[in-house]
């Protein structure tokens, strides 16, 4: 058996375990896809919409059209490759530049610079069509559209609501809270008010202080059992988006597929492709999981490593050991993540603060600390043990040191292991 080494930044660590103890080495699936340029993928998707008439039949001259795009934190979607094609399609349907509005779905993120805007949509589009950032705290630009069945008051950007047609755009990947990115997330959290976003995201926690995170809020779960996703769907349905364009990218951030049409089923088709690519069959859970984020640049910071942890949790035995390999040369990469991990003495204190000051970064930190309470968590990283405060996260510098520590935790013996050399992109799935 040839075992792939675990990447840590620009280094590689060999896995020194007896071959008979390696239950599986999980890798992403090979999926054959049509070879097209990014523009050709978008053009094909527009010409073959899912459960929808073509876009040019859904809009007409004189319509005010809002295009919702993701912000600079989602540049991996390569929006500069699909926005010009979408704009050209609207033009061919008689929509004038002055009747188009592009809103960047910043959620709770910061405003962006003109240079960042140009990078998102190209300089040509930026100079022709109005582009604005959503600001979740700008109450003057928010309108109330209803309350979800889970009690989330839905406040959305009134500039989008004032348009005749709303088009959602974005990219689809696994998402550790919403199940998958893309689709309805353009509306919530994308162009929602802060109160709406906080209420929705707090659904990731079980009711009642001390009850921790909801295990149904996880990657690949877009069922009604995931309240974060279901709540987002309700909010999005309140604005009835006219059309959707979502892309799927590879590890090199190149668009390899595109889906357009109905905002629900076209998005679901993109999710199905992601699942075919990265949902990997697993036969058993094991007492040890060794997972690498995949090396540079996927392990630039600890914040990004949540993808690897989320996937490793799917295949580790109850009370088992998880070894995460992540260089994290930029440290935590998020102040809220750092504060949740290192800033509190107990899990109840962490949870109380999270409920009062919810953010994605804080929730990521909480999940790391919570997982370290339930499992032996060892992190191979360039960070220091002191960085992790009183959390139960154990820090070492090499994989051999991690395996030695695992033996200490487990009576001096090596454990049966699952290996995930591309842990950020490999979701173990059981039939």
Got at least one residue in segment 90-107 being farther than 21 Å from residue 184 by Cβ, touching a residue at least 40 places away in the same chain (Cβ under 8 Å) and not in a helix (DSSP H, G or I)?
no
Check residue 81 against each of (1) at pLDDT below 95; (2) over 30 Å from residue 301 (Cα atoms) and name the one condition it does not meet.
(2)
Picking from 319, 295, which residue would you name as being under 21 Å from residue 392 (Cα atoms) and either part of a loop (DSSP other than H, G, I, E, B) or in contact (Cβ under 8 Å) with a residue 24 or more places away in the chain (or both)?
319
With the structure loaded, tell me whether residue 304 is farther than 15 Å from residue 371 by Cα, touching a residue at least 60 places away in the same chain (Cβ under 8 Å) and assigned to a helix (DSSP H, G or I) or whether it fails that test.
yes
Do we have any residue at all in segment 348-361 that's over 19 Å from residue 202 (Cβ atoms), modelled with pLDDT of 95 or more and out of contact with any helix residue (DSSP H, G or I) (no Cβ under 8 Å at 6 or more places or on another chain)?
no
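Pick from 150, 159, 96, 128: which is within 30 Å of residue 427 (Cβ to Cβ) and surrounded by fewer than 22 Cβ atoms within 10 Å (Cβ to Cβ)? Walk me through how you get there before you give the answer.
Values: 159 fails: within 30 Å of residue 427 (Cβ to Cβ); 96 fails: within 30 Å of residue 427 (Cβ to Cβ); 128 fails: within 30 Å of residue 427 (Cβ to Cβ).
Only one candidate passes the filter, namely 150.
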Can you report the number of residues in segment 3-43 which are surrounded by 15 or more Cβ atoms within 10 Å (Cβ to Cβ) and farther than 30 Å from residue 314 by Cα?
6
Do we find a residue being in contact with a strand residue (DSSP E or B) (Cβ under 8 Å, 6 or more places away or on another chain) and free of Cβ contacts under 8 Å to residues at least 12 places away in the same chain anywhere in segment 135-148?
yes
Of these, 401, 385, which one is within 18 Å of residue 291 (Cβ to Cβ), surrounded by fewer than 17 Cβ atoms within 10 Å (Cβ to Cβ) and in the same structural domain as residue 303 (by TED's automatic domain parsing)?
401
Candidate set: segment 370-396, residues that are touching a strand residue (DSSP E or B) at 6+ places or on another chain (Cβ under 7 Å) and assigned to a loop (DSSP other than H, G, I, E, B); chosen: the one farthest from residue 332 (Cα to Cα):
375
Residues of segment 242-269 being in a strand (DSSP E or B) and over 21 Å from residue 58 (Cα atoms), which ones?
248, 249, 255, 256, 257
Hits in segment 249-277 - residues which are in contact with a helix residue (DSSP H, G or I) (Cβ under 7 Å, 6 or more places away or on another chain) and modelled with pLDDT of 95 or more:
257, 258, 259, 260, 263, 267
By residue number, the members of segment 417-431 that are buried (at least 18 other Cβ atoms within 10 Å of the Cβ) and outside any helix (DSSP H, G or I) are 417, 418, 419, 420, 421, 422, 426, 427, 428
Residues in segment 45-67: is at least one more than 20 Å from residue 274 (Cβ to Cβ), in contact with a helix residue (DSSP H, G or I) (Cβ under 8 Å, 6 or more places away or on another chain) and at pLDDT below 95?
no
The number of residues in segment 174-228 that are over 20 Å from residue 158 (Cβ atoms), more than 14 Å from the chain's Cα centre (by Cα) and either part of a loop (DSSP other than H, G, I, E, B) or without any contact (Cβ under 8 Å) to a residue 60 or more places away in the chain (or both) is 15
Residue tally, condition in contact (Cβ under 8 Å) with a residue 12 or more places away in the chain and surrounded by fewer than 21 Cβ atoms within 10 Å (Cβ to Cβ), over segment 243-266:
8
Could you tell me which of the residues 172, 145 is crowded, with 18+ Cβ neighbours inside 10 Å and at negative phi?
172
With at pLDDT below 95, within 17 Å of residue 419 (Cα to Cα) and touching a strand residue (DSSP E or B) at 6+ places or on another chain (Cβ under 8 Å) as the only criterion, which of 293, 312 stands out?
293
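The values are calculated or read from the model by the stated rules, or taken from the named source; none is laboratory data. On a predicted model such as this, the values are computed, not experimentally measured, just so you know. Here the Cβ is made from the backbone with ideal geometry for all residues, glycine too, and neighbour counts use every protein chain on show.
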